[in-house]
Amino acid sequence: MFNASLHSLGVSGSMIPKQCSSKDVRFVLCLLRENAHRSLSTSSCLSGKNLPRKKPRELPEISGLERITYAERMHYVPGLAKPKFPVWERGWNDPRQYRTPKQEEMPLYKEKPCYIFNQRTNVLEGVRQALWLTKSKIIQGFPAQLLSLVEDPVNQIENQDERVQNTISNARFWDTTENRPCRERFCPTLMHNLLHLCGGLQVTHPALAKRMLADKYSLSASWTRGEDLFQVRGQNGLLLSSTTPLAVLAREEEVQATADHVLETFYPISPTIDLQYTHVYQQENYTGKSSCVSLTSAVSNTIHKKKPKHSTAYRFREDYPFPHAHTIFMMETGNTPKLYPQQLRAKMIMFSFGNALARARSLYGNEPKVLERPIVVQSIATNGRLFQFVVFQLNTTALESDSGVKNLVWVDADQALYEFAKVCPLIKKKVVQVPAGLSGYQPDTFSKFLALYLNGAA
């Protein structure tokens, strides 16, 4: 039988020593099988499946009976119970021996759960889900009153199209020697260079000097929607803040007309899908905790890949001279997008709403009501080629019910700044399909970028 097994495997019997035992023979046969993937360089315990650790069995406590343990004998004795010793307090904090307390024992534990939207949240329904969470009405397109700002020659940059194309070429070609630079490099470089180019209008627009660019700032805003508690928090890119708030886009008649708007639902999908669920949280409303850097130093740090000097996060002071959120800049890094366009625009809406809500709570208190002066926050996101523009106007903080005044959101999606940026031409069948260099430049996209930047200063 042994010889027959070796013959079926195509192995001669002379290859097996005669002194080997039956266990060794079975081991050799297992190794010679075609489907065997045994790695001889590692032990069997490393190649096996890691089983989950079994939870310790809870022993019942019977009143009137004392458990006999082997604690006094100082060694294991079969038949005697395992002793329980009190937790040893060292008297000093040892991070290697830290034990996380139970969730119910944490000081911030609450019975009512909270659904959290952070910078890594990828909501299933995208913009529709963000509109329901923020109780908002969407208006497709770019606000016309903002686009009219750049039609005035005074608000335009000298040799604007040429300088913008040089900025794109700097990010895609001149800043690196790679044939195809990674998105983590050219996307932040392009964003900071465009901000630096727009900042050159400070000579003719002195109000641009009353702004501050904050990097890696943290946000927290809480609200109640229906019977659930929601919170948006975390870092979300760059924040351009100013000393004065932005002007209201929608008039009072348009705001009151939103009361007749019916919010779109996506039943049977729950509005809380893909949101983080936790019982340990703290209800805070702030737009602080940041490492503030000037626009010049931010551009220099991006080009030379240096860390900012003030990397420690801290909260904005109460007398911070730039308390009003102006524009949020988000950069989509990575060769593969982490978020689809719908989810990216939902993230822009949520964080714009969070900045506006936190500011409204500091100005008007926590009582839900229709705001006397709505708060406007802008948001721009890009992956290095496509730009997303969002303008959010917070009209009310009464978000619990679906009735009443709604908030307004203007969304202008998928605006390409250019079509191709090739180091080498794309040739198919001896025909140049895409020439080398920058091609397909769209000047209207930068005009919208400049319009949002000049809003409140022109």
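The values are calculated or read from the model by the stated rules, or taken from the named source; none is laboratory data. For clarity, every value in this text was computed on a predicted model and none was experimentally measured. Using ideal geometry, Cβ is built from the backbone for each residue, glycine included, and neighbour counts are taken over all protein chains shown. Quick note on the areas: whole protein, heavy atoms, side chains included, nothing else; ligands and nucleic acids left out. Shrake-Rupley method; radii C 1.70, N 1.55, O 1.52, S 1.80 Å.
So here's what we get for this one:
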| item | result |
| --- | --- |
| Cβ-Cβ under 6 Å pairs, at least 6 apart or on other chains, the stretch 429-444 side modelled with pLDDT under 90, far side small (Gly, Ala, Ser) and not in a helix (DSSP H, G or I) | 438/421 |
| Residue count, the stretch 334-373 (criterion: in a helix (DSSP H, G or I), open to solvent by 50 Å² or more (accessible area, probe 1.4 Å) and in contact with a Ser or Thr (Cβ under 8 Å, 6 or more places away or on another chain)) | 2 |
| Odd one out for residue 223, checked against (1) over 17 Å from residue 377 (Cα atoms); (2) open to solvent by 20 Å² or more (accessible area, probe 1.4 Å) | (2) |
| Meets criteria (assigned to a loop (DSSP other than H, G, I, E, B) and under 30 Å from residue 279 (Cα atoms)) for residue 78 | no |
| Matching entry among 128, 96 (being open to solvent by 60 Å² or more (accessible area, probe 1.4 Å), at pLDDT 90 or above, of a type in the set (Lys, Arg) and in a helix (DSSP H, G or I)) | 128 |
| Conditions (1) open to solvent by less than 40 Å² (accessible area, probe 1.4 Å); (2) modelled with pLDDT under 90: number failed by residue 325 | (2) |
| Long-range neighbours under 6 Å by Cβ, at least six apart or interchain, first residue under 8 Å from residue 287 (Cα atoms) within the stretch 211-224, second open to solvent by 10 Å² or more (accessible area, probe 1.4 Å) and among the β-branched types (Val, Ile, Thr) | 219/287 |
| Those residues of the stretch 168-203 which are without any contact (Cβ under 8 Å) to a residue 60 or more places away in the chain and open to solvent by less than 20 Å² (accessible area, probe 1.4 Å), in sequence order | 181, 197 |
| Condition met for residue 163 (open to solvent by 10 Å² or more (accessible area, probe 1.4 Å) and either of a type in the set (Ser, Thr, Tyr) or under 26 Å from the mean Cα position of the chain (by Cα) (or both)) | no |
| Sole exception among (1) open to solvent by 40 Å² or more (accessible area, probe 1.4 Å); (2) closer than 30 Å to residue 102 by Cα; (3) among the aromatic types (Phe, Trp, Tyr); (4) modelled with pLDDT under 90 for residue 286, by number | (1) |
| Strands (runs of 3 or more DSSP E) (entirely within the stretch 377-458) containing at least 3 residues that are polar (S, T, N, Q) and open to solvent by less than 60 Å² (accessible area, probe 1.4 Å) | 386-396 |
| Some residue of the stretch 111-124 being open to solvent by less than 80 Å² (accessible area, probe 1.4 Å), assigned to a loop (DSSP other than H, G, I, E, B) and farther than 30 Å from residue 380 by Cβ | no |
| Count - residues of the stretch 134-151 that are farther than 22 Å from residue 396 by Cα and open to solvent by 70 Å² or more (accessible area, probe 1.4 Å) | 3 |
| Subset of the stretch 166-216 that is basic (Lys, Arg) and under 16 Å from residue 382 (Cβ atoms) - its residue that is farthest from the chain's Cα centre (by Cα) | 172 |
